[in-house]
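To start, the structure under review is shown below, and the notes come after it.
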Amino acid sequence: MASTNDDTSGSGSGSGRPPSPTLATILEIDQIRQALPAELREKYRDRYAKLLQDMTKDAAEFLHEDLDINKHTEDQVKTVIKAFPSALSHLDDDGSLPIQAAACFKRSVSFVPFLAAEGVKFNVGGEGKRGGLLGEDPVYSLNVLQKVVGSAGFLGLLDMDSSACDLFYLDILTKLCESKLLRKDDVVKHHLLFWSCSALSKERFKYLVDWDPEALEKTLYEGVPLLQAFANIGELGNFAMVLKAGIKHYPEHLGFLFRKNNDGITSCQIAFEEYGKDETFKVIQECIPADSKYPILHRVIKNASQYMDDFAKRYPSAIYLRDEHQRLLHHTALGSGTNLSTDAVFILRMRDEEIEERDPVTDLYPFAIAASAEKCDLSTVHYLLRRNPALLERSARVSKHSSSSKLVKAGRKCKRT
């Protein structure tokens with residue numbers, strides 16, 4: 001009975017034909033090329049160069065176009081890279097690296113952490129580009145990190161709902177973090193909070209904020225603080241995301257709602273002008289409920305006094321709160337320039353006990369705070385003193401005692417020295 005396997009094996013001593021050359025044998029031949037006769041050596045040099053060029057091109061096209069997490073394993077891809085490492089640096093017709101192309105498709109984006117790690121070994125993208133992870137894509141003008149943290153609306157994941165897509169990319173993000181390919185200073189340096197701030201990427205945004213809360217304060221997008229950036233580009237939902245995160249991590253600053261830019265304009269003012277007061281206040285009150293214990297009116301009267309009435313009617317209980325320095329609202333108000341001409345009702349409604357309570361920060365009575373304001377209003381000073389004339393004498397005693405204490409302390413210091 002005739003054997004059938006000698007025509008199908010394609011190799012081996014019983015196949016009836018010589019074994020096919022493998023990549024290993026090709027490389028071995030190249031290594032011994034110099035020992036070959038001159039006639040073979042010259043012929044082989046050109047053929048080998050052409051063969052290597054063609055195979056490298058095939059490997060590059062594979063990395064650019066064919067990577068598929070459902071078909072290929074990391075070990076297989078690693079073998080390709082080991083054989084043709086220059087394929088990792090190959091640019092396609094758009095000028096993109098394989099890692100940049102991989103980040104654009106659901107089937108290949110899971111390979112990004114692996115491609116970056118391999119790319120580091122071969123300095124892909126150039127010095128400091130972390131295996132191509134930080135190189136700017138010529139098509140989208142984004143680097144791979146920014147793509148991974150972004151909304152992914154353009155990344156071919158339309159067959160997934162937004163929450164599944166978000167978690168899919170979050171897994172890639174955490175792998176980059178665990179492998180040290182994503183570093184904490186990248187969050188600010190590459191504006192990752194800005195690119196991840198979207199309803200489509202809210203879990204990634206939350207992950208980055210929790211990992212580096214300081215990025216909320218430090219991030220400047222085109223020179224503008226993060227909250228103001230979203231107060232000015234027509235995305236109220238994104239503004240709400242940043243404010244909510246700010247309240248969570250920086251409650252003492254009220255989420256930077258009253259942070260001023262270089263022109264002295266606060267985030268809330270920009271939002272009011274962009275979205276309108278009613279819509280903006282809906283967001284603010286979702287993040288800062290009306291019954292919260294945040295001294296929001298202290299911030300308003302100091303940084304955005306033109307909106308005092310708008311905030312006061314929405315946060316009436318905040319009138320009686322003390323700030324982190326235990327100051328009452330009228331202490332902050334008088335120090336910020338509130339007077340009878342600017343807000344007579346506020347001054348006239350001050351209770352007797354408020355008029356005679358000293359400011360825990362400056363140690364001054366309210367009339368003295370008004371007198372020392374940048375724009376002193378004498379009618380306000382006179383009004384407060386008429387309500388309690390004895391405060392003038394008390395203030396003098398306090399001042400004298402304070403001066404004496406300073407002299408005593410200075411004398412003790414002199415004796416010690």
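Take the Cβ atoms of Leu378 and Asp310, set R0 to 35 Å, and the FRET efficiency comes out at 0.75. Obtain the nm distance between the two label points defined at Tyr320 and Lys57 by a simple spin-label model: each point lies 7 Å from its Cα along the Cα-to-C-beta direction. For Tyr320 paired with Lys57, the spin-label model returns 8.2 nm.
In plain terms, the residue of Glu279, Glu353 with the fewest other Cβ atoms within 10 Å comes first and the most crowded comes last, giving Glu353, Glu279. To the nearest 20 Debye, how big is the dipole of segment 51-194 about its Cα centre, given +1 on the beta carbon of each Lys and Arg and -1 on that of each Asp and Glu? Here the size comes out at about 580 debye.
Sort 233-242, 384-393 by the packing proxy (mean of other Cβ within 10 Å over each peptide's residues), most packed first.
On the way: 233-242: 19.0, 384-393: 14.6.
Packing order, densest peptide first, comes out as 233-242, 384-393.
Can you give the extra length, in nm with one decimal, that the chain gains between Trp211 and Thr174 once fully stretched, where that is 0.36 nm per residue apart less the Cα-Cα distance? Before the final figure, lay out the partial values.
On the way: separation 37, 0.36 × 37 = 13.32 nm, distance 1.08 nm.
12.2 nm is the gain from fully extending Trp211 to Thr174.
Once both labels are positioned 7 Å from their Cα atoms along Cα-to-Cβ, the gap between Ala199 and Ser141 label points is 2.6 nm. Note on Lys43 and Leu348: their simple-model spin labels are 11.1 nm apart, each label 7 Å out from Cα toward Cβ.
Would you kindly state how much longer the chain becomes between Asn388 and Ile233 on full extension, computed as 0.36 nm times their sequence separation minus their alpha carbon distance, in nm to one decimal?
Values: separation 155, 0.36 × 155 = 55.80 nm, distance 5.12 nm.
Going from the current span to full extension adds 50.7 nm.
In debye to the nearest 20, how big a dipole does segment 122-238 give about its Cα centre with +1 on each Lys and Arg Cβ and -1 on each Asp and Glu Cβ?
Details: 12 positive and 17 negative charges, 54 e Å.
Computed about the Cα centre, the dipole is about 260 debye.
The residues Asp377, Asp94, when put in order of fewest to most other Cβ atoms within 10 Å, stand as Asp94, Asp377. Taking segment 222-265 and a reference point 7 angstrom along Cα→Cβ of Glu279, the backbone N atoms nearer than 15 Å belong to 230-241. Can you list the aspartates and glutamates whose alpha carbon sits under 14 Å from that of Lys313, skipping same-chain ones fewer than 8 residues off? Hits, sequence-local ones excluded: Asp278, Asp291.
Taking neighbour counts of Cβ atoms within 10 Å as a proxy for exposure, in what order, fewest first, do Asp58, Asp185 appear?
Numbers: Asp58 14, Asp185 10.
With the sparsest Cβ surroundings first, the list reads Asp185, Asp58.
Every number here is computed from the coordinates shown, using simple stated rules; none is lab data. If you're wondering where the values come from, they're calculated on a predicted model, not measured in any experiment. Quick reminder, even Gly has a Cβ in these numbers, built from the backbone with ideal geometry, and neighbours come from all protein chains shown.
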